[in-house]
Amino acid sequence: QVQLVESGGGLVQPGGSLRLSCRASGFMLSSYAMSWYRQAPGKERELVARITSFPGRTDYADSVKERFTVSRDNVANTMYLQMNSLKPEDTAVYYCYRQLGDYWGQGTQVTVSS
């Protein structure tokens, strides 16, 4: 049974950092392309970052380039999103996603506010 469980969200001040985790079960994370999406109130869900299966190439939305980094730990079967220099406009629910089979996690709230 495929499951994706996000964690690591919270409240952070502008300029701060957070690391989100997406723990996968029921499949090997390294064998699939995986993505992070986010959805802010009143807005459509948008792609933030993605990582391919081997060799793990990464790609980012222009709005987060140079600030966010997607990675994975194959032993822990977990994908991460390191978010630095956070801005209020990064406030959203963040989801991890596996396109093959259309699997979503439950999301984790990130709020950037002073």
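The values are calculated or read from the model by the stated rules, or taken from the named source; none is laboratory data. Since the model is a prediction, treat every value here as computed from it, not as a measurement. Positions of Cβ are generated from backbone atoms using ideal geometry, with glycine treated the same way; all protein chains shown enter the neighbour counts. Accessible surface is based on the protein model in full, side chains and every heavy atom, while ligands, DNA and RNA are left aside. Shrake-Rupley method; radii C 1.70, N 1.55, O 1.52, S 1.80 Å.
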Charge tally for neighbours of MET34 with beta carbon under 9 Å away, counting Lys, Arg as +1 and Asp, Glu as -1, is +3
Cα-based Rg then Dmax for the range 61-114, in Å, read 12.6, 39
For the chain, the per residue accessible area (1.4 Å probe, Å²) is 55 Å²
Per DSSP loop assignment and a cutoff of at most 12 other beta carbons within 10 Å, the chain keeps its longest run without exposed GluC sites (Glu not before Pro) at 67-114
Candidates VAL12, VAL75, VAL64; GNM for the chain (alpha-carbon contacts under 10 Å) flags as most fluctuating VAL75
Low-density loop chymotrypsin sites (Phe, Trp or Tyr not before Pro), the range 78-114, at most 12 other Cβ within 10 Å, DSSP non-H/G/I/E/B, are none
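If you average the sequence gap of Cα pairs under 8 Å that are 6 or more apart and divide by the length of the chain, what percent do you get for the contact order?
37 percent
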log10 I(q)/I(0) for the chain, Debye formula on C-alpha points only (no solvent), q = 0.16, 0.20 Å⁻¹, two decimals, reads -0.66, -1.03
Applied in sequence order to the range 61-78, the curve 6.51 cos²θ - 1.76 cosθ + 1.60 (Karplus, θ = phi - 60°) yields integer Hz couplings, x standing for Gly and Pro, of 5, 4, 5, 10, 4, 6, 10, 10, 9, 9, 8, 8, 10, 5, 5, 7, 6, 9
To the nearest 20 debye, the chain has a Cα-centred charge dipole, built from +1 on Lys and Arg Cβ and -1 on Asp and Glu Cβ, of 140 debye
If exposed means trypsin sites (Lys or Arg not before Pro) lying in a DSSP loop and surrounded by at most 12 other beta carbons within 10 Å, then the longest stretch of the chain lacking such sites spans residues 66-114
The distance between the Cα centres of the range 14-37 and the range 61-110, in whole Å, is 6 Å
